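First up is the structure itself, then whatever we jot down about it.
Coordinate-derived values only; no laboratory data. What you are looking at is a predicted structure, and each value in this text was computed from that prediction instead of being measured. Cβ: placed from backbone, ideal geometry, glycine included. Neighbour counts: every protein chain shown.
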Amino acid sequence: MSEALEPAMADRTYAVAEVESAYFVARQSGLYRLAPSNGGARNLYQGWQREGEIATLDIAMSPGFSSDGCDGLILAGINGGVARSEDGGATWAALAMRMPAPLVTCLALSPGFTSDRRVLAGSYEDGMFLSDNAGQSWAAFNFGLFDHNIFCLALSPEFPVDGLVMAGTSSGVYRSVNGGRLWEDLTMPAGDGAVLSLAFSPEYADDRSILAGTESHGLLRSGDDGLTWEPFYKCEGAVNSIVCLPSAAGLAIQVDDSVLAYETGDSSWRQVAGAEVHVAAKSEDGRALLLGMADGSVQRVAM
């Protein structure tokens, strides 16, 4: 079963999130709020002093964010750094990083964000940036990070205690055990190659599992915090997204522009969407998939 909203723009979708009855969609042309009960789609950057399209590659929202557009912190990865709004997207400020201004490709909030205010931002060509004040200021931390092209980030569910961060780059996976300040290059079974998606298992406290989606070597799994990896699903195509669902539902992956689902206890995969998927993410309640489609729409698929 799926639900769809009318498209706001037929351009590339990079990220999608659900808050209450609204979807927030990061696109090549900007950041949109889609709500069928409130006039359809709205570009949250309208009225900002920056002119033209603002390509947005990822978004992160604070816990307790309200979808009514008047409360909550939004961080958006854009060309030039991070855009920050404290009022649900009504007004924006561009946060200074370092020159030349980076293209921020991915964002991750600490699971303990309400107390530690930690945010990590990965960039294309400029490595990793950290903020300990909810994105108001940033510092670069690339010690041990020899590949500065970062495509994805994943933080341990126990991050406030273990400080474990995984970063997917154009040449493989890097790991930090001190919150993103010092990095180590991990050995992958297929050798060097781009890692496009990462996810910690919902049962991580018990199984210590981490999943890595690669550009050309399928889906890999580690059961020891990333020290060693083994093939989990071999496929032709790039594993662009990984969505871990509650244990009874298993997981879903986006391979090129299709989506496959794997149910716990079943060794087979079933197709959820056959084509034209730009990005896959988890719904707010964690029990459905959100699919950002090529036509600009968002589909919600129950699992």
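Between residue 139 and residue 46, what is 0.36 nm times their sequence separation minus the Cα-Cα distance? Round to one decimal in nm. Working shown, then result.
Details: separation 93, 0.36 × 93 = 33.48 nm, distance 2.88 nm.
Contour length minus Cα-Cα distance gives 30.6 nm.
Can you tell me, using C-alpha contacts under 8 Å and at least 6 residues apart, the relative contact order of the chain as a whole percent? Before the final figure, lay out each step's value.
On the way: 894 pairs, mean separation 41.1, N = 303.
Contact order relative to length: 14 percent.
Quick check: residue separation of residue 227 and residue 187 times 0.36 nm, minus the Cα distance between them. What number comes out in nm? Write down the numbers at each step before the final one.
Numbers: separation 40, 0.36 × 40 = 14.40 nm, distance 0.75 nm.
Result: 13.6 nm gained on full extension.
Rounded if a/c is under 1.5, else prolate if a/b beats b/c, else oblate: with a ≥ b ≥ c from the C-alpha gyration tensor eigenvalues square-rooted, which is region 79-129?
Because a/c hits 1.5 or more and a/b fails to exceed b/c, region 79-129 counts as oblate.
Tell me what the chain gives for mean residue ellipticity at 222 nm when only DSSP H runs of n ≥ 4 count, each as -39,500 (n - 2.57), the sum divided by the residue total, rounded to 500 deg cm²/dmol. Write out the running numbers ahead of the final one.
Values: 3 runs with 12 residues, N = 303.
Rounded to the nearest 500, the figure is -500 deg cm²/dmol.
Lys and Arg at +1, Asp and Glu at -1: add these up for the other residues within a Cβ distance under 15 Å of residue 279 and post the number.
Neighbour charge sum, excluding residue 279 itself: -3.
Compare 60, 252, 139 in a GNM of the chain, Cα atoms joined below 10 Å, and give the one with the largest fluctuation.
Top of the fluctuation ranking is 139.
Which trypsin sites (Lys or Arg not before Pro) does region 221-303 hold that lie in a coil by DSSP with at most 12 other beta carbons within 10 Å?
Numbers: sites: 221, 234, 270, 282, 287, 300; in loops: 234, 287.
Loop-located and lightly packed - 234.
How about region 72-139: which trypsin sites (Lys or Arg not before Pro) there lie in a loop by DSSP and see at most 13 other Cβ atoms within 10 Å? Mind showing how you got there, number by number?
Details: sites: 84, 98, 117, 118; in loops: 98, 117, 118.
Loop-located and lightly packed - 98.
Using 7 Å Cα-to-Cβ label points, what is the residue 90/residue 132 separation (nm, one decimal)?
Going by the 7 Å Cα→Cβ label model, 3.2 nm.
Longest span of the chain, sites excluded, free of GluC sites (Glu not before Pro) in DSSP loop with at most 13 other C-beta atoms within 10 Å?
Values: sites that count: 20, 51, 125, 236, 276.
Longest stretch, sites excluded: 126-235.
Decide, for region 140-241, between rounded, prolate and oblate: order the square roots of the alpha carbon gyration tensor eigenvalues as a ≥ b ≥ c, take rounded if a/c falls under 1.5, and otherwise choose prolate if a/b is larger than b/c, else oblate. Spell out each step's value before the answer.
Values: a/c = 1.88, a/b = 1.17, b/c = 1.61.
It is oblate, given that a/c is not under 1.5 and a/b is not larger than b/c.
Of all trypsin sites (Lys or Arg not before Pro) in region 142-218, which ones are in loop regions per DSSP and have a Cβ with at most 16 other Cβ atoms within 10 Å? Write out the running numbers ahead of the final one.
On the way: sites: 175, 181, 208; in loops: 181, 208.
Those that pass, being in a loop and sparsely packed, are 181, 208.
Please work out how much length the chain gains when fully extended from residue 11 to residue 28, using 0.36 nm per residue of separation minus the C-alpha to C-alpha distance, in nm with one decimal.
Working: separation 17, 0.36 × 17 = 6.12 nm, distance 0.62 nm.
Working it through step by step, the gained length comes to 5.5 nm.
Rounded, prolate or oblate, given the Cα gyration tensor of the chain, with a/c below 1.5 counting as rounded?
Oblate is the answer for the chain, as a/c is 1.5 or above yet b/c matches or exceeds a/b.
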